[in-house]
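S.K.: A single structure is presented below for examination.
The values are calculated or read from the model by the stated rules, or taken from the named source; none is laboratory data. These numbers come from a predicted model, not from an experiment. A quick note on method: Cβ atoms are made from the backbone with ideal geometry, for glycine too, and the neighbour counts reach across all protein chains shown.
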Amino acid sequence: MSTVTLRVAAVMIASIMVFVTIGVNAAAITFNTALPVAKGAFVIREQLMVRRFKNDLSPMDRDLNVNALISVLGYGINAKFALFAAVPYFDKSLDLTAMSQQFTRSTRGVGDSKLFARYTFLQHDERSKTFRIAGFGGFKAPTGNDNKIDRLGRLPLTLQSGSGAWDYFAGIVMTYQTLDYQIDSQLSYSQKGTTNNFRAGNEARADISFQYRLSPQQLSSDTHSFLYCVLEANLINLNNNRLLVNNNAINDANSGGTTLYLTPGIQYVTMKYILEAAVQVPVIQNLNGSALATDYIFTTGFRVNF
Amino acid sequence: MNKSNLVSLKSLLQGLLFSLFIISLTLSTISSAAETHYQLQVNGLVCPFCEYNVQKKLGKLDGVLKVTANLKDGVVNVLVADGKTLSEKQAKKELTEAGFTLKSIESHQRKK
């Protein structure tokens, strides 16, 4: 896919997002910034994520599998200001061939934790409609182990549970919701920190989620649960990783790139809990060098309001 | 049956009648007690998750007996016990904290 096509796709998504807004209730599946939280209320989201990569065409024939259990807790300080914490638990394994031998390397453990705050600075409610815009910002703390060693030595960074670095991120999230459908979207940028003379590439992403009520088709006065079909798009651009050698930064030519995922999903919303599942399928992957391409990411989980 | 027995029977019947009178009087007072039904038009109610937040916020108020929401019409019905009230200020505060906007509030007395 050419760079021009990618730019056009990015501009199209960004243009759509100008006209839509923030997640209030059902909220997107592949991002957390739109989760609704009332004052003094908690919301918990648990997600199981299974990520599979495509066959490696390089001589190393790498086969990377990443599974994660992600726990998110949100708390409403007041109706506009909410705090969130997200802690992942990873199970990663990598099969590869080197010197005509096949090796398996793996790790398990708590990953880096994210803490962020969201402030809703625009809210416009109408009968059975709402439109909200919020800003968010936070950091990722290096709570995961980034120095795990196996019999072959220190694991590569992609296999470590943690990055060892402090990252900072900020963005804007918008929601427009009616009884029939909901649109959530976000733009965000993440500045990666440096550790052990290594800095992962900064990340820019644009996400949009469209949820349409499938059931019940007609609302009655005693309707207390909705079934939504969901379609999301995630455009993610990663800069090259950088190695600091003698105070000189060297780009890793086999890292970074741009990916556009299309994500069909389903969501069942009741008064107290939400069940959800989605599959992120990459429709554009313009990766640098021999960076591993994603085959799919399957996410399923639940959310509880209390 | 001697005269004294008749007198005591008469007294017993009088006491019984008086008791029945007091009981019926009490029951009639209770039956005239009225709960108040408030109908709140709430903007921003868009899915069942909203409903839970509204029920939780309004349900904790003193005297509130029941909270139900009608998503289709954007209406929240609140039943409040006799002698208690739900002010517009209270309702607005709780709904704002839950993330919604109170548009109007109406009350109706409802006899038990």
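S.K.: Considering only residues that are within 14 Å of another protein chain (Cβ to nearest Cβ), at pLDDT below 80 and within 30 Å of A:Thr107 (Cβ to Cβ), which ones fall in region A:12-55?
M.R.: A:Leu35, the sole residue that qualifies.
S.K.: Taking the condition of being touching a helix residue (DSSP H, G or I) at 6+ places or on another chain (Cβ under 6 Å) and either within 7 Å of chain A (Cβ to nearest Cβ) or assigned to a loop (DSSP other than H, G, I, E, B) (or both), how many residues in region B:42-54 meet it?
M.R.: Count: 1.
S.K.: For region A:101-147, name all the residues that are within 14 Å of chain B (Cβ to nearest Cβ), in contact (Cβ under 8 Å) with a residue 40 or more places away in the chain and either touching an Asp or Glu at 6+ places or on another chain (Cβ under 9 Å) or charged (D, E, K, R) (or both).
M.R.: Answer for region A:101-147, where residues must be within 14 Å of chain B (Cβ to nearest Cβ), in contact (Cβ under 8 Å) with a residue 40 or more places away in the chain and either touching an Asp or Glu at 6+ places or on another chain (Cβ under 9 Å) or charged (D, E, K, R) (or both): A:Arg118, A:Ser128, A:Lys129, A:Phe131, A:Arg132.
S.K.: Hey, could you check region B:50-66 for residues that are among the hydrophobic types (A, V, I, L, M, F, W, C) and farther than 19 Å from A:Gly40 by Cα and say which is surrounded by the most Cβ atoms within 10 Å (Cβ to Cβ)?
M.R.: B:Val64
S.K.: Run down A:Ser71, A:Ser58 and say which single residue is modelled with pLDDT of 95 or more and either over 20 Å from A:Tyr212 (Cα atoms) or part of a loop (DSSP other than H, G, I, E, B) (or both).
M.R.: A:Ser71
S.K.: When region B:55-74 is examined, which residues are found to be within 9 Å of chain A (Cβ to nearest Cβ) and not charged (D, E, K, R)?
M.R.: Listed by number, the residues that qualify are B:Gln55, B:Thr68, B:Ala69, B:Asn70, B:Leu71, B:Gly74.
S.K.: Do any strands (runs of 3 or more DSSP E) entirely within region A:214-298 hold 3 or more residues that are in contact (Cβ under 8 Å) with a residue 24 or more places away in the chain, and if so, which?
M.R.: A:226-238, A:242-245, A:257-269, A:273-287
S.K.: So which residues in region A:153-195 are among the aromatic types (Phe, Trp, Tyr) and either within 14 Å of another protein chain (Cβ to nearest Cβ) or free of Cβ contacts under 8 Å to residues at least 40 places away in the same chain (or both), if there are any at all?
M.R.: A:Trp166, A:Tyr168, A:Tyr176, A:Tyr181, A:Tyr189
To keep it simple, each residue is scored yes or no on (1) modelled with pLDDT under 95; (2) buried (at least 17 other Cβ atoms within 10 Å of the Cβ).
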| position | (1), (2) |
| --- | --- |
| A:Gly137 | no, no |
| A:Leu155 | yes, yes |
| A:Thr158 | yes, no |
| A:Ser161 | no, yes |
| A:Tyr168 | no, no |
| A:Gly171 | no, yes |
| A:Leu179 | yes, yes |
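S.K.: Sticking with this structure for a sec: For residues that are within 28 Å of A:Phe42 (Cα to Cα) and more than 14 Å from chain A (Cβ to nearest Cβ), scanning just region B:85-96, find the one that is surrounded by the fewest Cβ atoms within 10 Å (Cβ to Cβ).
M.R.: Per the criteria, the residue is B:Lys89.
S.K.: A further question on this structure: Could you identify the single residue in A:Phe90, A:Phe116, A:Phe103 that is surrounded by 18 or more Cβ atoms within 10 Å (Cβ to Cβ) and farther than 30 Å from A:Ile133 by Cβ?
M.R.: Residue meeting the stated conditions: A:Phe90.
S.K.: Going through A:Gln123, A:Gln211 one at a time, which residue ends up being among the polar types (S, T, N, Q) and under 18 Å from the mean Cα position of the chain (by Cα)?
M.R.: From the options A:Gln123, A:Gln211, the qualifying one is A:Gln211.
S.K.: If you scan region A:188-200, which residues turn out to be more than 17 Å from A:Lys114 (Cα to Cα) and either aromatic (Phe, Trp, Tyr) or touching a helix residue (DSSP H, G or I) at 6+ places or on another chain (Cβ under 8 Å) (or both)?
M.R.: Hit for region A:188-200 is A:Phe198, nothing else.
S.K.: Could you check how many residues of region A:115-132 are within 15 Å of A:Lys39 (Cα to Cα) and not in a strand (DSSP E or B)?
M.R.: Counting residues in region A:115-132 that are within 15 Å of A:Lys39 (Cα to Cα) and not in a strand (DSSP E or B) gives 0.
S.K.: To continue, here is another question. What tally of residues in region A:29-73 results from selecting those that are out of contact with any Lys or Arg (no Cβ under 9 Å at 6 or more places or on another chain) and among the aromatic types (Phe, Trp, Tyr)?
M.R.: Adding up the residues that qualify gives 1.
One line per residue, one yes/no per condition, for (1) surrounded by fewer than 19 Cβ atoms within 10 Å (Cβ to Cβ); (2) within 14 Å of another protein chain (Cβ to nearest Cβ); (3) aromatic (Phe, Trp, Tyr); (4) within 16 Å of A:Asp222 (Cβ to Cβ):
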{"residue": "B:Ala34", "(1), (2), (3), (4)": "yes, no, no, no"}
{"residue": "B:His37", "(1), (2), (3), (4)": "yes, no, no, no"}
{"residue": "B:Val76", "(1), (2), (3), (4)": "no, yes, no, yes"}
{"residue": "B:Gly83", "(1), (2), (3), (4)": "yes, no, no, no"}
{"residue": "B:Ala98", "(1), (2), (3), (4)": "no, yes, no, no"}
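S.K.: Could you please find all residues in region B:73-112 being in a strand (DSSP E or B) and of a type in the set (Asp, Glu)?
M.R.: B:Glu106
S.K.: Another question, if that's okay. Kindly evaluate A:Asp150 against the criterion of being at pLDDT below 95, at negative phi and among the acidic types (Asp, Glu).
M.R.: Spelling it out, A:Asp150 is indeed at pLDDT below 95, at negative phi and among the acidic types (Asp, Glu).
S.K.: Something else now. Considering only residues that are within 14 Å of the chain's Cα centre (by Cα) and of a type in the set (Gly, Ala, Ser), look in region A:65-84 and name the one that is farthest from A:Phe136 (Cα to Cα).
M.R.: By that ranking, first place goes to A:Ala68.
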